[in-house]
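Down below is the structure, laid out as structure tokens.
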Amino acid sequence: MNENLMALLNYRDAKAALISEQINKYGKPIIAIRCNIPGPEKKAPWAEKLYKEALETVESALERENIAYVSVLEVLSDRTIIPEYIQLFKVDADARTIKSLCVQIEELHPLGRIFDLDVYTHLGTLSRIEYGGSDRLCYLCDNRAFECARSREHSLEELIQFLILKAETL
Ligand SMILES: [Zn+2]
């Protein structure tokens, strides 16, 4: 197996394990806040700016709705060789309410296509489509993101360049 694929598998396992540990520990829905950053540079300064914007957007939405939350964990870098910014919030509200809020942010915020806001319960993750979301759209074109990813429609350089420009607007 090639090294990149190994790293990706480790990363996905580590993320899934981490989230289920937190759910078992707290028994509350958890929001995992991260950004869709392609390639290995998930902790570049521009990536951090995008991540902070996602974090602050979720925090203000929860505060606006008077939903109590506690930040339970940040970063995954000690568990995997692909480091990235990720924040888990334990939330005192119904998972469905939180998911609807997160889908609204992903659909309406100018950088929403970059944000990845997953809501987990002990039953797994809640589906975007069931909570008013469309298929995720690519941030460069308006095609569905998984199609662009599958056909490698855009080069890594092109995607990164786009994200850097977006981060500069913050
Ligand atoms: Zn595209």
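Here the 3J(HN,Hα) profile of segment 115-130, calculated from phi with Karplus coefficients 6.51, -1.76 and 1.60 at θ = phi - 60°, is 6, 10, 10, 9, 10, 10, 10, 5, 8, x, 9, 8, 7, 4, 4, 6 Hz, Gly and Pro shown as x. Put a dot 7 Å past the Cα of Leu165, heading toward its Cβ, do the same for Arg150, and the two dots end up 2.7 nm apart. Ellipticity at 222 nm from helices only: DSSP H runs of n ≥ 4 in the chain, each -39500 (n - 2.57), divided by the residue count, give -15000 deg cm²/dmol. Within the chain, Cys35, Cys102, Cys141 have no other Cys Cβ under 4.7 Å of their Cβ and so lack a disulfide-compatible partner by this rule.
Near Asp118, the amide H atoms lying under 5 Å from its own belong to Ala32, Arg34; only residues 5 or more places off or on other chains count, and H is placed 1.01 Å from N. For Val72, the residues whose modelled amide H falls within less than 5 Å of its own, excluding neighbours fewer than 5 places apart on the same chain, are Leu88, Phe89, Lys90.
Across segment 3-134, Cα pairs under 8 Å and at least six residues apart give a relative contact order of 33 percent.
Take a quick pass over segment 3-134 and tell me how many lysine pairs come in under 20 angstrom between Cα atoms, counting only ones 8 or more apart or on separate chains. Going through segment 3-134 pair by pair, I get 15. Hydrophobic long helices, here whole DSSP H runs in the chain with Kyte-Doolittle means of at least 0.5 and Cα atoms spread over 30 Å or more along the helix axis, are not found.
Bear in mind that the values in this text are calculations on the coordinates, not laboratory data. Computed from a predicted model, the values in this text were never measured in an experiment. As a convention, Cβ positions derive from the backbone with ideal geometry for all residues, glycine included, and neighbour counts pool all protein chains shown.
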